[in-house]
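A.B. asks: Below you'll find the structure I mean.
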Ligand code: SF4
C-alpha cells in the first residue's frame, strides 16, 4: 500500500544535462514532492546510453543543496551579505542601472555571460539589454574558438561524424584530449573500436587516464604539437603516403603546402622531444592504417599558436583522405545540432563593427581584466554577470579583481557563493537545470533535446527570463512577450514552441518524448564532399586566414618566444580539466569532494628533486602575474619542465590558476592562450 502511494506521488521525466560538456547526456529524473530524488540512465540516446557521469549524478545534491543561494543578497559595508526581498533587490538594481545609464550611458555596463548552462532561453537577456539601450559585451571565447576557426577555415563548417561511427576507425589518434575524464561517453566507443582491433594512439605531454588505454603513446613538449603535425605531413609526402586522388579532387593548396613544409625530422625531434624514428612510424600508421579518426582536445589550441596548431593537425586527416568517410574524420566539434542559431560559433563570437551599434560594444574575453580597465568613452561602471565565474576562470585574476574593484555596481546571478559572486553588490539567486524548460543542442552528439522544468524553484529563485521580465517592467522598457515571455514555465514552453517553429520535424511535443536527431544531419560529415569554403574545396591554403587573422595562409609552426623576464621562470604551466568538474562547477559539492582526492599541483620527480620538494608538502607557484600556494604531488606521469594544476578550483580550496596566467589572445579565433605561461616553484616550509 505504501509503495502504491509513493508511486502516485513520484513522477519521472526524460531530461538532458545542459553543462558545457561534450556529452550532453540524456537521463531520467525522478521527482517526488517537488524534490529531485533519483537520476537514472536513459538508453535511447545512442551517444550516451550508459547514463550520466558523477557530475550528472551529483545533481540531486546540487539542486537540493542547503548551500544554494535562494534569496537575493546584498553586500553590506562590512563585506557580509544579508538577505533582502526580491522587491528590494529589483528596486536597487533598477535605480542603479537607471542612474548609471543616465550619467555614463548604457555602454558603461558590462553584460558578462559565461557557459554555465546552455539553452535557447539564454537568448532572452539580449532583448532586455537591447531595450535598455545597449551594453558592453565580450567577444571571443575562453575555451575553443581558435580550433573552431581553424576547422571552419579549412573545411567550411564545424562538424564531424556521429560519435558511434568511431567504432569503424582502424586507427584512432587521441591528440591532447583526455576523454577518460572529460568525455567518458566517447571512451565507450574507443573501447569498442579497440575490441574490434583498432589501434589507439595517444599524443599528450601528460600520462593521463586516457593514455593508460593507448597502444602507442607519444609525449611531445607542450605547445609543440603543430611542429609534430608538420613533420608527420613531411613524412607523408616523402614516403608517398598521401591520398593523391583525394587531394587532387577536393583540396586547395597542396602544391603550395608541399613547397612550404620545410621542417626536418631532426628539427622536429629537437622541438617536440619525439625521436625521428617515432615520427616516421606515426606517419606510416596514419598514412596506411585507415580509416583514421583524429580526436583533438581543446587544451592544445589554448596556445598563442593554437589555431595554426589545429590547422596543422587537421592537415593530416586531409592529406590521407580521411574526411567524408565512415571511421574517418577530425572530431574537434560537431555543431550539427545548433540548428536554431543564425550565426554559429565561432563567427558568433566575433565583434561585428557594422551591426553592433548601438546595441553592443565589445571587449576581449581573453583579456577581460585589461580591457575592462582600459575601456573609455564610457569607462565601465557596472557589471551584470550570469552563468559565469570570471574572477576565478578568466586569465589574470589580479587584474580582473582590480577591474572589478573599480566598478561602482555589480550584479551576479548565481546558485552558489562563488569567487565572483562574493564580489557582487547584489546576488540574485539563479535557477537550477530542473526549474525551467529549455531546448539544448550538443557540440559532440547530433541530438536536440528538451530539458523540462520539473520542479518549482525554491525560495525566491527566478529564471533569468523572469528576472529580466520584472526588471523591464519596473524600468518601463517596452518589450513584447515574444521577446521576453511572461513568468511561468507554460509561457516559456510556448516561447520555445514559437522559437522552434519552422522546423516541422522538431516540435516540443516530440521533444518531450525523446531526444531528436538534428534536422539535416550528416551521420558521416561531408559525405557529399561539399565544403562551404570560398573555393568549395578543403582549404589547406586559406586566403581568409591571412586576410582575417594575419597568419600564414598555410598551416605553419612558430614556437613561443618568451620575454627575457619570463625566461627567469623555467617551468611551463598548464591547467587541464578533470572528470569531477566542469570548470568551476561541481567542485563545491560533497559527493565530488568525497569521491575525488584533494586537488594538488603535480610536478615531475626531476623538478621536485632539484628543489627538495616531496609529495604532500605545500609549494608556492609564482611568476610575474602572481602566485598560488597549494599541496603538491610528485608524479612520474608529469614530464620534467611542466607544472600541472587543474582549472576550476576555488580560491578557498587553494586554487585560482588564473593568478598566474596572462590575458593573451590566440593567433586566430580570439581564444584565450591559457597554456603559454611560465612559472617557478618553491617549497613553503
Ligand atoms: S557533465 Fe557531461 S558527462 Fe556528466 S552528465 Fe553532464 S553531459 Fe553527461
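A.B. asks: If you wrap a convex hull around the C-alpha atoms of segment 525-601 and split its volume per residue, what is the figure in Å³? Please list the in-between numbers first.
C.D. replies: Working: hull volume 16.2 nm³, N = 77.
Once divided by residue count, the hull of segment 525-601 is 211 Å³.
A.B. asks: Which peptide among 72-81, 463-472 comes first, and what is the full order, when sorted by highest mean count of other Cβ atoms within 10 Å?
C.D. replies: Values: 72-81: 13.9, 463-472: 22.5.
Highest mean packing first, the order is 463-472, 72-81.
A.B. asks: Okay, next question. At what distance in nm do the modelled label points of residue 618 and residue 194 sit from each other, each positioned 7 Å from its Cα along Cα→Cβ?
C.D. replies: A separation of 4.0 nm, rounded to one decimal place.
A.B. asks: Computed FRET efficiency, Cβ-Cβ of residue 35 and residue 102, R0 30 Å: what is it to the nearest 0.05? Display every interim value, and only then the final one.
C.D. replies: On the way: r = 45 Å, r/R0 = 1.49.
Computed FRET efficiency for residue 35 and residue 102 comes out at 0.10.
A.B. asks: Further question: Sort 150-157, 321-328 by the packing proxy (mean of other Cβ within 10 Å over each peptide's residues), most packed first.
C.D. replies: On the way: 150-157: 24.5, 321-328: 22.2.
Packing order, densest peptide first, comes out as 150-157, 321-328.
A.B. asks: Packing-wise, with mean Cβ within 10 Å as the measure, how do 602-611, 357-366, 288-297, 445-454 rank, highest first?
C.D. replies: So the peptides 602-611, 357-366, 288-297, 445-454, ranked by packing, come out 445-454, 288-297, 357-366, 602-611.
A.B. asks: Now for a different question. Stokes-Einstein diffusion coefficient for the chain at 20 °C in a medium of 1.002 mPa s, Rh from the Kirkwood formula over Cα pairs: what value in µm²/s?
C.D. replies: Details: Rh = 26.1 Å.
Approximately 82 µm²/s, per Stokes-Einstein.
A.B. asks: Between segment 615-685 and segment 392-457, what's the alpha-carbon centroid distance in Å?
C.D. replies: 24 Å
A.B. asks: Then there's this: Write down the percent of antiparallel bridges among all DSSP beta bridges whose residues are both part of the chain, to the nearest 5. Working shown, then result.
C.D. replies: Working: 40 of 83 bridges.
Bridges in the chain that DSSP calls antiparallel: roughly 50 percent.
A.B. asks: What is the fewest-to-most order of 503, 257 by other Cβ atoms lying within 10 Å of their Cβ? Display every interim value, and only then the final one.
C.D. replies: Values: 503 15, 257 23.
Listed from fewest to most nearby Cβ atoms, that is 503, 257.
A.B. asks: Fewest first, what order do 35, 62 take by the number of other Cβ atoms within 10 Å? Intermediate results must be reported in sequence, preceding the final value.
C.D. replies: Details: 35 13, 62 24.
Sorted ascending by nearby Cβ count, the order is 35, 62.
A.B. asks: In addition: Give me the mean projected area, in nm² to one decimal, of the convex hull enclosing the Cα positions of segment 85-208.
C.D. replies: Mean projected area of the Cα convex hull: 12.5 nm².
A.B. asks: Find how many whole Å separate the alpha carbon centroid of segment 501-522 from the alpha carbon centroid of segment 240-293.
C.D. replies: For segment 240-293 versus segment 501-522, the Cα centre distance is 41 Å.
A.B. asks: Also: Between residue 519 and residue 611, what's the calculated FRET efficiency when r is the beta-carbon distance and R0 is 51 Å? Round to 0.05. Intermediate results must be reported in sequence, preceding the final value.
C.D. replies: Details: r = 57 Å, r/R0 = 1.12.
Efficiency, rounded to the nearest 0.05: 0.35.
A.B. asks: Go ahead and run the numbers for FRET between residue 598 and residue 54, Cβ-Cβ distance against an R0 of 22 Å, rounding to 0.05. The partial results should precede the final answer.
C.D. replies: Numbers: r = 16 Å, r/R0 = 0.73.
For residue 598 and residue 54, the calculated efficiency is 0.85.
A.B. asks: Restricting to bridges with both residues inside segment 566-684, how much of the DSSP beta-bridge set is antiparallel, in percent to the nearest 5? If you can, show how the numbers build up before the last one.
C.D. replies: Details: 17 of 23 bridges.
So the antiparallel bridges amount to about 75 percent of the total.
A.B. asks: Using only the alpha carbon atoms of segment 145-214, find the Kirkwood hydrodynamic radius as the inverse mean reciprocal pair distance, in angstroms to one decimal. Please report the intermediate quantities before stating the final value.
C.D. replies: Details: mean 1/r = 0.0769 Å⁻¹.
Evaluated on segment 145-214, it is 13.0 Å.
A.B. asks: I would also like to ask the following. Could you state the orientation-averaged shadow area of the convex hull built on the Cα atoms of segment 566-684, in nm² to one decimal? List each step's numbers first, then the result.
C.D. replies: Details: hull surface 31.1 nm².
That works out to 7.8 nm², a quarter of the Cα hull's surface.
A.B. asks: Please determine, in degrees from 0 to 90 and to the nearest 10, the orientation of helix 276-288 with respect to the longest principal axis defined by the Cα atoms of the chain, where the helix direction is its Cα long axis.
C.D. replies: Once rounded, one gets 80 degrees.
A.B. asks: Between residue 216 and residue 348, what length in nm is gained on full extension when 0.36 nm per residue of separation is reduced by their alpha carbon distance?
C.D. replies: Numbers: separation 132, 0.36 × 132 = 47.52 nm, distance 3.81 nm.
Contour length minus the Cα-Cα distance gives 43.7 nm.
Bear in mind these aren't lab numbers, they're just calculated from the coordinates by the rules spelled out. Remember, it's a predicted structure, so these values are computed and weren't measured experimentally. For neighbour counting, all protein chains shown are included, and Cβ atoms are generated from backbone atoms with ideal geometry for every residue, glycine included.
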